[in-house]
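Visitor: Provided herewith is a single structure, encoded as structure tokens, for subsequent inquiry.
The values are calculated or read from the model by the stated rules, or taken from the named source; none is laboratory data. Remember, predicted model here, so these are calculated numbers, not experimental data. Cβ placement follows ideal geometry from the backbone for every residue including glycine, while neighbour counts extend to all protein chains displayed.
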């Protein structure tokens, strides 16, 4: 019976072939999808939501990097959690009071935690270390003071500043605390000013108290676009030149007919900023000259991965029209190497153009399709349903929804769930349903000003 149900769902959306031209008009609105798909999305979203409640320290609002007992807090996971708590309260999965209190605890923790050049501080120059101890909030693993991970934390806080708008002490404290946190972020501290550097005038990926600024900048299209909006919105001195440096190395390719886009092989690079920024119908200089927006760019990147899986030039086990999805995720590792196949541990995996595979080793991450639900629901939702019904009973589907990843060639399934992979599933389902994160985030003056200063318009 289960197999017949799945077959009926997949046949409704089948008929795609690698040889055929991509058609952008196949998009299916949430109101038009079958009830079975709506029920599946509800189940997937609710179970995945649990990660951000059960892997949480409610006293300080920090959320684990992954579900392992030993895992530290991740700034990006924590940033994703802020709107996730809000939508959970709206759905009755947690109380409104719990969401508000946890958010306020998080704001107060960051507002009052140590900001200094000390190696065990929580942050410096208004930014935060990639990983923090779940209890003490101090730096873990000698991690970097991270521009992107701080930026994704800030994105969650920007959402909260526009969501918690009642005139009461809790909401006022949330808003005022967030404003103080955002105002002290010194974006210009991360400008690479060394003219001898390959990355001169770029925005550095981070800083270490032991060694100083990381001599590597954000360049070419990827997940970091939201931090350039924040830097510009804050009117940082260097926001124009760091954005120009970022745009300089964009790559435009057509991996399949009709799928020309600015490439970044792993799909997380097309999801993280897009969870917060609604890019529909707005263009910067790079997109304006190509005649598409970043929304369509992500849609094409998603179809590129599906077409690649259907083509399957390396003959990995399991790849097909509804079994695909390549992103940053856990992997089997070399102990599973066999028959000439080599497998990686945690890696950023992807495909974006012929002859350019990023660590693609047969490992499939459900977050890749999950994060693409608003952009290509007609292929992303059937893919996720297929993954559950085909592989769920082998260990892929557990209490938090999907495990992080699996590899049919290696006969391997991940033992963990990772916050930055779980978050896009929860948030993008809600954005697809009702624009939940977008409608609050896009109200913020910091983002409105950032878009204007970087030349985005309709």
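Visitor: If only one of 246, 207, 252, 187 is in contact with a helix residue (DSSP H, G or I) (Cβ under 9 Å, 6 or more places away or on another chain), free of Cβ contacts under 8 Å to residues at least 60 places away in the same chain and surrounded by fewer than 23 Cβ atoms within 10 Å (Cβ to Cβ), which one is it? Walk me through how you get there before you give the answer.
Guide: Values: 246 fails: surrounded by fewer than 23 Cβ atoms within 10 Å (Cβ to Cβ); 207 fails: free of Cβ contacts under 8 Å to residues at least 60 places away in the same chain; 187 fails: surrounded by fewer than 23 Cβ atoms within 10 Å (Cβ to Cβ).
The unique qualifying residue is 252.
Yes/no matrix, rows are residues, columns are (1) modelled with pLDDT of 75 or more; (2) in contact with a helix residue (DSSP H, G or I) (Cβ under 9 Å, 6 or more places away or on another chain):
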position	(1), (2)
4	no, no
8	no, yes
11	no, no
15	no, no
24	no, yes
32	yes, no
38	yes, yes
42	yes, yes
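Visitor: While we're looking at this one, here's another question. Collect the residues in region 230-247 that are over 10 Å from residue 151 (Cα atoms) and in a helix (DSSP H, G or I), keeping them in residue-number order.
Guide: Going residue by residue through region 230-247, those that are over 10 Å from residue 151 (Cα atoms) are 232-247.
Matches in region 230-247: 232, 233, 239, 240, 241, 242, 243, 244, 245, 246, 247.
Visitor: Considering only residues that are under 17 Å from the mean Cα position of the chain (by Cα), within 13 Å of residue 372 (Cβ to Cβ) and in a loop (DSSP other than H, G, I, E, B), which ones fall in region 273-331?
Guide: 325, 326, 327
Visitor: Among the numbered criteria (1) crowded, with 23+ Cβ neighbours inside 10 Å; (2) in contact with a strand residue (DSSP E or B) (Cβ under 8 Å, 6 or more places away or on another chain); (3) within 15 Å of residue 267 (Cβ to Cβ), which one does residue 353 miss?
Guide: Going through the list (1) crowded, with 23+ Cβ neighbours inside 10 Å; (2) in contact with a strand residue (DSSP E or B) (Cβ under 8 Å, 6 or more places away or on another chain); (3) within 15 Å of residue 267 (Cβ to Cβ), residue 353 breaks only (1).
Visitor: Here's a follow-up. Please count how many residues of region 154-184 are free of Cβ contacts under 8 Å to residues at least 40 places away in the same chain, in contact with a helix residue (DSSP H, G or I) (Cβ under 8 Å, 6 or more places away or on another chain) and part of a helix (DSSP H, G or I).
Guide: Number of matching residues: 2.
Visitor: A further question on this structure: Please tell me if residue 423 is over 22 Å from residue 304 (Cα atoms), at pLDDT 95 or above and crowded, with 24+ Cβ neighbours inside 10 Å.
Guide: On the way: over 22 Å from residue 304 (Cα atoms): yes; at pLDDT 95 or above: yes; crowded, with 24+ Cβ neighbours inside 10 Å: yes.
So residue 423 fits the description; yes.
Visitor: Then there's this: Is there a residue in region 409-420 that is within 24 Å of residue 278 (Cβ to Cβ), in contact with a helix residue (DSSP H, G or I) (Cβ under 7 Å, 6 or more places away or on another chain) and surrounded by 21 or more Cβ atoms within 10 Å (Cβ to Cβ)?
Guide: Of the residues in region 409-420, the ones within 24 Å of residue 278 (Cβ to Cβ) are 419-420.
Filter again for in contact with a helix residue (DSSP H, G or I) (Cβ under 7 Å, 6 or more places away or on another chain), leaving 419-420.
With the extra rule that they be surrounded by 21 or more Cβ atoms within 10 Å (Cβ to Cβ), the set shrinks to 419-420.
Scanning region 409-420, I find at least one residue that is within 24 Å of residue 278 (Cβ to Cβ), in contact with a helix residue (DSSP H, G or I) (Cβ under 7 Å, 6 or more places away or on another chain) and surrounded by 21 or more Cβ atoms within 10 Å (Cβ to Cβ), so the answer is yes.
Visitor: Specify the residue that is surrounded by the fewest Cβ atoms within 10 Å (Cβ to Cβ); the eligible residues are those in region 122-142 that are without any contact (Cβ under 8 Å) to a residue 60 or more places away in the chain and out of contact with any helix residue (DSSP H, G or I) (no Cβ under 7 Å at 6 or more places or on another chain).
Guide: 136
Visitor: Suppose the filter is assigned to a helix (DSSP H, G or I), touching a residue at least 24 places away in the same chain (Cβ under 8 Å), under 18 Å from residue 155 (Cβ atoms) and within 17 Å of the chain's Cα centre (by Cα); does residue 450 pass it? Outline the logic, then answer.
Guide: Details: assigned to a helix (DSSP H, G or I): yes; touching a residue at least 24 places away in the same chain (Cβ under 8 Å): yes; under 18 Å from residue 155 (Cβ atoms): yes; within 17 Å of the chain's Cα centre (by Cα): no.
Answer is no for this residue.
Visitor: Specify which of the listed residues (458, 445, 439) is under 21 Å from the mean Cα position of the chain (by Cα) and surrounded by fewer than 21 Cβ atoms within 10 Å (Cβ to Cβ). Before the answer, list the steps.
Guide: Details: 458 fails: under 21 Å from the mean Cα position of the chain (by Cα); 445 fails: under 21 Å from the mean Cα position of the chain (by Cα).
That would be 439, the only listed residue that is under 21 Å from the mean Cα position of the chain (by Cα) and surrounded by fewer than 21 Cβ atoms within 10 Å (Cβ to Cβ).
Visitor: For region 68-92, which residues satisfy the criterion of being in contact with a strand residue (DSSP E or B) (Cβ under 9 Å, 6 or more places away or on another chain), surrounded by fewer than 24 Cβ atoms within 10 Å (Cβ to Cβ) and either at positive phi or in a helix (DSSP H, G or I) (or both)?
Guide: none
Visitor: When residue 223 is evaluated against the numbered criteria (1) part of a loop (DSSP other than H, G, I, E, B); (2) surrounded by fewer than 22 Cβ atoms within 10 Å (Cβ to Cβ), which criterion, by number, is the only one it fails?
Guide: Of (1) part of a loop (DSSP other than H, G, I, E, B); (2) surrounded by fewer than 22 Cβ atoms within 10 Å (Cβ to Cβ), only one is false for residue 223: (2).
Visitor: Please go through region 248-261 and pick out each residue that is assigned to a loop (DSSP other than H, G, I, E, B) and touching a strand residue (DSSP E or B) at 6+ places or on another chain (Cβ under 6 Å). Give the steps one after another, and end with the answer.
Guide: Here is the first cut: in region 248-261, the residues assigned to a loop (DSSP other than H, G, I, E, B) are 249-251, 254-260.
Answer for region 248-261, where residues must be assigned to a loop (DSSP other than H, G, I, E, B) and touching a strand residue (DSSP E or B) at 6+ places or on another chain (Cβ under 6 Å): 250, 255.
Visitor: Residue by residue through region 343-364, note down the ones that are modelled with pLDDT under 95 and touching a helix residue (DSSP H, G or I) at 6+ places or on another chain (Cβ under 8 Å).
Guide: Result: 352, single match.
Visitor: Could you say whether any residue in region 422-442 is in a strand (DSSP E or B) and touching a residue at least 12 places away in the same chain (Cβ under 8 Å)? Outline the logic, then answer.
Guide: Looking only at region 422-442, we keep the residues that are in a strand (DSSP E or B), and these are none.
No.
Visitor: Right, next: Taking only region 297-340 into account, find how many residues are within 26 Å of residue 458 (Cβ to Cβ) and surrounded by fewer than 19 Cβ atoms within 10 Å (Cβ to Cβ).
Guide: Here is the first cut: in region 297-340, the residues within 26 Å of residue 458 (Cβ to Cβ) are 297-303.
Next, from what is left, pick out any that are surrounded by fewer than 19 Cβ atoms within 10 Å (Cβ to Cβ): none.
Total meeting the criteria: 0.
Visitor: Can you pull out the residues in region 410-448 that are more than 18 Å from residue 267 (Cβ to Cβ) and touching a strand residue (DSSP E or B) at 6+ places or on another chain (Cβ under 6 Å)?
Guide: Across region 410-448, the qualifying residues are 413, 416.
Visitor: If the Cβ limit is 8 Å and pairs must be 6+ apart or interchain, which residue in region 360-384 that is surrounded by fewer than 24 Cβ atoms within 10 Å (Cβ to Cβ) pairs with which residue that is at pLDDT below 95 and in a helix (DSSP H, G or I)?
Guide: As it stands, the answer is 378/26; 382/9; 382/10; 382/12, since those pairs meet every condition given.
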